[in-house]
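*Asks:* Have a look at this one before I ask anything.
Just so it is clear, none of the values below were taken in a lab; they were calculated from the coordinates. On a predicted model such as this, the values are computed, not experimentally measured, just so you know. Note: ideal-geometry Cβ built from the backbone for every residue, glycine included; neighbour counts use all protein chains shown.
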Amino acid sequence: MPVQTAGQIELVHKRVKDVKLYIDGEFIESVSGKTFENVNPFTNEVNNLVAEGGKEEIDRAVAAAKRAFEEGPWGRMKLEERLSCIHRIADLIDDAAEEIAYLESLDTGLPISQTRKQTARAAKNFRFYASMVETGLHGDSYPVDDEFINYTVYKPLGPIGLITPWNAPFMLETWKVAPALATGNTVILKPAELSPLTANKLAEIMDQAGLPKGVFNVVHGFGETAGAALVAHPDVKAISFTGETTTGSTIIKNAADTLKKTSMELGGKSPLIVFDDADLDRALDAAVWGIFSFNGERCTANSRVFLHKNIKDEFVEKLKQRVMKIKIGDPMDTGTQLGPLIEKQHFNKVNSYIELAKEEGCEVIQGIVPEEVKAGNFVPPTLLLNAKNEMRVCQEEIFGPVMAVIEFEEEEEVIKAANDVRYGLAGFVWTNDMKRGHRVAQAVEAGMIWINAQNVRDLRIPFGGMKDSGIGREGGRYALFEFYTEPKVIHVSIGDHHIPQFGK
Ligand code: NAD
């Protein structure tokens, strides 16, 4: 097969350059010189070595971010100048889009057709927040008779720690970095240890964009060391975290000592409910895409599908046909729909859930992994049929291409089952009865619900979950007003109001 190219880049699996830390505008090794290996999920060979940061490197990065915020030009820069930096970053992402998509696929095993879309989205994150800050970030005024005028201003917080996962690294990192910088904060990013490549590319872009030293820093390393040091640091004003629920809970505990603001985007086990009056073809497309895109490693994946009993058999037959036809293969192949899972340990975890499903009484239907890609961490698209909501495979986040299929009969029954889970991130309802659609959408406990739609995201909406899926919302004005800035009220006397005269 001829090698496909993306611009100047040959889409082949090969070793790439080693990755350093980016602190105070310099690419540096860790103080101890320690590195760790970054492994390619398709070949299970080493992609490169990564400089391993820990407490010492975090201390340096936070000091640089603090200096840049308090003394450097960033804090005093005119808004127009700051936002033109943000636009420059977006343009540079566009220029490097093919390289970013390639590195992302090399690092994560996500199909290149999907990492290209995520990269385009990443550039949009910067443009969107630049325009939102320009037009929307303003306070209110509160006149009090003719005595006072009170007004609010929204101030950046200072150095902010961003801790991100490996499942859609570049997109999720920029989703946090863009509002953090656009509002005038400085940033220390701790990317997931399993996906360091595009975070490093982002540092190169920041460098090229001419961001003042220390405004943006990247410290690679492990969660328990680098991540924990960032959370504990007294000069870090807030932590925005995306990752597993258990990690989020640890971070909240550790952030308490320094009374940090935290934002938590956590795990999910989202229901997709199909009633018997739904457009079944579209519901089928959405259900299949919603669990098997991003290799099933998607926080909002519809990992529990509830089918009305009247349409269940027909729907399941079609699901089986789809599962057999999903194109499993090399993430660099533009036709690939499902790639390998991030690492061997995660591959073993997902497979152990499939074994558990058999023990719990599910019929397991799987696609077939082609012989020639067996070196990768491939789990084929998997259906767990005859599942019951109380089974562990329906209660725990598997985070792979595994969909449990559960039958229901009554609206009330399905709402109860959809809510009988610790998570509450997303939900999807398919019906042509609009009254019912809204009723069910309002009753399902989740931060985000789609009616007759797959997961399409509007950057303006509040993004996040309830229950064990998160605390707080990011996205749109929610990111700007509720997380990355602090409101401050200024009371101005415009008359001679009464002041008590103690001791006169
Ligand atoms: P993870 O929690 O293992 O790791 C996420 C990040 O936290 C990594 O950078 C890791 O190094 C760091 N970390 C780990 N322990 C830490 C500690 N004690 N202190 C500070 N940092 C620490 O998650 P993951 O496996 O990388 O990602 C998958 C999870 O992310 C899934 O549960 C998925 O649902 C969730 N996720 C949620 C959303 C959302 O928006 N709600 C989006 C994407 C992924």
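*Asks:* Beyond 28 Å, what percent of the Cα pairs of the range 149-298 remain? Let's see the in-between values first.
*Replies:* Numbers: 3542 of 11175 pairs.
Considering the range 149-298, 32 percent of its Cα-Cα pairs are separated by more than 28 Å.
*Asks:* Additional query: How would 488, 312 line up from fewest to most surrounding beta-carbon atoms within 10 angstrom?
*Replies:* Ranked by crowding around the Cβ, least crowded first: 488, 312.
*Asks:* Using the structure shown, list the pairs from 55/237; 253/344; 124/261; 55/344 with a Cα-Cα distance above 22 Å, or answer none.
*Replies:* The pairs that break the limit, which is 22 Å between Cα atoms, are 253/344; 124/261; 55/344.
*Asks:* Provide 32, 263 in ascending order of the number of other Cβ atoms located within 10 Å of each residue's Cβ, fewest first. Mind showing how you got there, number by number?
*Replies:* Values: 32 12, 263 24.
Fewest-to-most ranking of 32, 263: 32, 263.
*Asks:* Let me ask another. Any idea what the alpha-carbon Rg over 2.2 N^0.38 Å comes to for the range 255-383?
*Replies:* On the way: Rg = 17.1 Å, N = 129, 2.2 N^0.38 = 13.9 Å.
So the range 255-383 has a normalised radius of gyration of 1.23.
*Asks:* Something else about it: Can you give the local net charge around residue 225? Use residues other than it whose beta-carbon is closer than 12 angstrom to its beta-carbon, Lys and Arg +1, Asp and Glu -1.
*Replies:* Its environment carries a net charge of -2.
*Asks:* Moving on. Once a ≥ b ≥ c are taken as the square roots of the eigenvalues of the Cα gyration tensor of the range 219-281, is the result rounded (a/c under 1.5), prolate (a/b larger than b/c) or oblate (a/b not larger than b/c)?
*Replies:* Cα axes put the range 219-281 in the prolate bin.
*Asks:* In terms of modelled amide H atoms, which long-range or inter-chain residues lie less than 5 Å from the amide H of residue 144?
*Replies:* 149, 150
*Asks:* If you don't mind, there's one more thing I want to ask. Treat each spin label as a single point 7 Å out from the Cα along the C-beta direction, and report the residue 349 to residue 71 distance in nm.
*Replies:* That separation, rounded to one decimal, is 4.2 nm.
*Asks:* Here is a follow-up. Can you give me the C-alpha center-to-center distance between the range 194-212 and the range 370-415, rounded to a whole angstrom?
*Replies:* Between the Cα centres of the range 194-212 and the range 370-415 lies a distance of 37 Å.
*Asks:* Given H placed on each backbone N at 1.01 Å, which residues far from residue 429 in sequence or on other chains put an amide H within less than 5 Å of it?
*Replies:* Those lying under 5 Å, H to H, from residue 429 are 273, 450, 451, 452, 453.
*Asks:* Considering only 189, 428, 495, whose Cα is most displaced toward the positive end of the charge dipole of the chain, charges sitting on Cβ of Lys, Arg (+1) and Asp, Glu (-1)?
*Replies:* Farthest towards the positive pole: 495.
*Asks:* Can you give the charge dipole size of the chain about its Cα centre, rounded to the nearest 20 debye, using +1 on the beta carbon of Lys and Arg and -1 on the beta carbon of Asp and Glu? Don't jump to the answer; show the numbers that get you there.
*Replies:* Values: 56 positive and 72 negative charges, 103 e Å.
In total the dipole reaches around 500 debye.
*Asks:* Which three lengths, in whole Å and largest first, does the chain cover when its Cα atoms are put on their principal axes?
*Replies:* 85, 55, 39
*Asks:* So what is the relative contact order for the chain, in percent, with contacts set as C-alpha pairs under 8 Å and at least six apart?
*Replies:* The value is 18 percent.
*Asks:* Could you tell me whether the range 165-238 comes out rounded, prolate or oblate from its Cα gyration tensor? Rule is a ≥ b ≥ c as square roots of the eigenvalues, rounded for a/c under 1.5, then prolate if a/b exceeds b/c, otherwise oblate.
*Replies:* oblate
*Asks:* Tell me which of 335, 402, 442 sits at the most positive position along the dipole axis of the range 271-451, charges placed on C-beta atoms (Lys, Arg +1; Asp, Glu -1).
*Replies:* Farthest towards the positive pole: 335.
*Asks:* Considering only C-alpha atoms, what is the centroid distance from the range 268-305 to the range 423-448, in Å?
*Replies:* So the two Cα centres are separated by 13 Å.
*Asks:* Further question on the same structure: Size of the dipole of the range 271-451 about the Cα centre, Lys and Arg at +1 and Asp and Glu at -1 on the beta carbon, nothing else charged, in debye to 20?
*Replies:* 340
*Asks:* So how strong a dipole does the range 433-504 carry about its Cα centre when Lys and Arg Cβ are +1 and Asp and Glu Cβ are -1, to the nearest 20 debye?
*Replies:* My answer is approximately 180 debye.
*Asks:* Please arrange 235, 468, 496 by how many other C-beta atoms lie within 10 Å of their C-beta, fewest to most.
*Replies:* Ascending Cβ contact count within 10 Å gives the list 496, 235, 468.
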